[in-house]
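Presented below is the structure to which this report refers.
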Amino acid sequence: MTPFDVAHHSKPAATGPTLIDGFGRTVRYLRVSVTDRCDLRCVYCMAEHMVFLPKAEVLTLEELDQIASSFVGLGVKKLRLTGGEPLVRKGFMGLVESLSRHLKTGALEELTLTTNGTRLAQFAKDLVRFGVKRINVSLDTLDPVLFKSLTRGGDLAQVMAGLDAANAAGLSVKINVVALKDTNEDEIPDMISWAHGRGYDLTLIETMPLGDTGEDRTSQFLSLAKVRDTLSSFWTLTDIPLQTGGPARYVRIEETGGRLGLITPMSHTFCEACNRVRLTCTGVLHTCLGHEDEMDLRAVLRGPKGLSGLEEALRLAIAGKPEGHDFHISEGSAPTLARHMSRTGG
Ligand code: SAM
Ligand code: SF4
């Protein structure tokens, strides 16, 4: 594949200070997966015996900085660092510190991360020092036994200690919960009460068919329309007109006073307002989570033009951003997309 093997439907790349795609959407939000590695093995995300990428294929921290900074130079206002587990990457806090220069200049409005929380106790204070204000922590259950089985070996106490450290450091927290049929389904109301009681937002996510995990997708899938119906039978849910350019819809639960997000990529379309793109830890830019469209930015950076070829490549990739996604889960089917979420970045 050459660096410029983007979608055949690419339109001429726009010029100007911002990145605008062929459907008039301005790209403001970049998610960067800084590693495919993780200290957990969540059943819906990874196979039990994952084969991780050779280090040479993964972008160096300097390359990650160069690509993210180019995006900021072209109008991206929000950067989310993810993985794999971002906090397991050696030198990760150096990247956060380096990227925080864009917060100081005002070019970047938000620098944030999505983490499983296991190492937050160690890093929460530094995150705040480098300008991070809010983080997403993924946590699917408050039951230590279920946590251990869902993550294939994780220790819930570590995450709880991480959350305490985040509170003490003054970080705002949003809890991400993947809704799993017959697994954490009955616990969802308790998790919402717990999160709202601690002042956290909570977002429920439907499973997406990304990568082979060795688990049956159809048996895991739980429709959030069904969850919403259940919650509505004992709580008052009021829609909030909060638009983030992503797949989440928000409601306020009057009884808890907290906010609940619902991410339903499988059952609703959210593409018309999509303002985001994703960079994998190997430097592949995906302009849509649900398509195989990609551009190899590592090849650009490590090629003859180096850093000077990056802006042209970014514009070309954005010009080819697809109009919408085409996920589906059908019984016994292979994952719609072969890549794992841990490589693409959730
Ligand atoms: N390790 C970090 C964490 O767990 O927060 C960051 C990376 S993880 C891939 C990002 C998010 O993707 C998590 O909230 C996780 O629950 C979600 N995720 C992973 N695989 C998924 C899948 N197949 N469907 C829906 N969400 C998924
Ligand atoms: Fe690791 Fe996050 Fe995937 Fe769980 S969801 S295996 S914590 S990358």
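The values are calculated or read from the model by the stated rules, or taken from the named source; none is laboratory data. Note that the structure is a prediction, hence the values are computed from the model and not measured. Neighbour counts run over all protein chains shown; Cβ positions are idealised from the backbone, glycine included. Please note that ligands, DNA and RNA were not included when accessible areas were found on the heavy atoms of the full protein model with its side chains. Shrake-Rupley method; radii C 1.70, N 1.55, O 1.52, S 1.80 Å.
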Against the conditions (1) open to solvent by 20 Å² or more (accessible area, probe 1.4 Å); (2) on the phi < 0 side of the Ramachandran plot; (3) modelled with pLDDT under 95; (4) of a type outside the set (Lys, Arg), where does Gly332 fall short? Just the number, please. (2)
Could you check the stretch 136-152 and list, in sequence order, the residues that are hydrophobic (A, V, I, L, M, F, W, C) and within 9 Å of ligand 1 (Cβ to nearest atom)? Val137, Leu139
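Return the total of residues in the stretch 169-182 being open to solvent by 30 Å² or more (accessible area, probe 1.4 Å) and either modelled with pLDDT of 95 or more or of a type in the set (A, V, I, L, M) (or both).
3
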What is the residue count in the stretch 89-125 for residues that are open to solvent by less than 50 Å² (accessible area, probe 1.4 Å) and away from ligand 2 (no atom under 16 Å from the Cβ)? 16
Within the stretch 29-47, is there a residue that is part of a loop (DSSP other than H, G, I, E, B), away from ligand 2 (no atom under 16 Å from the Cβ) and either modelled with pLDDT of 90 or more or of a type outside the set (Asp, Glu) (or both)? no
Whichever residue in the stretch 176-199 is in contact with a helix residue (DSSP H, G or I) (Cβ under 9 Å, 6 or more places away or on another chain) and in contact (Cβ under 8 Å) with a residue 60 or more places away in the chain and, among such residues, is nearest to Val251 (Cα to Cα): Ile192
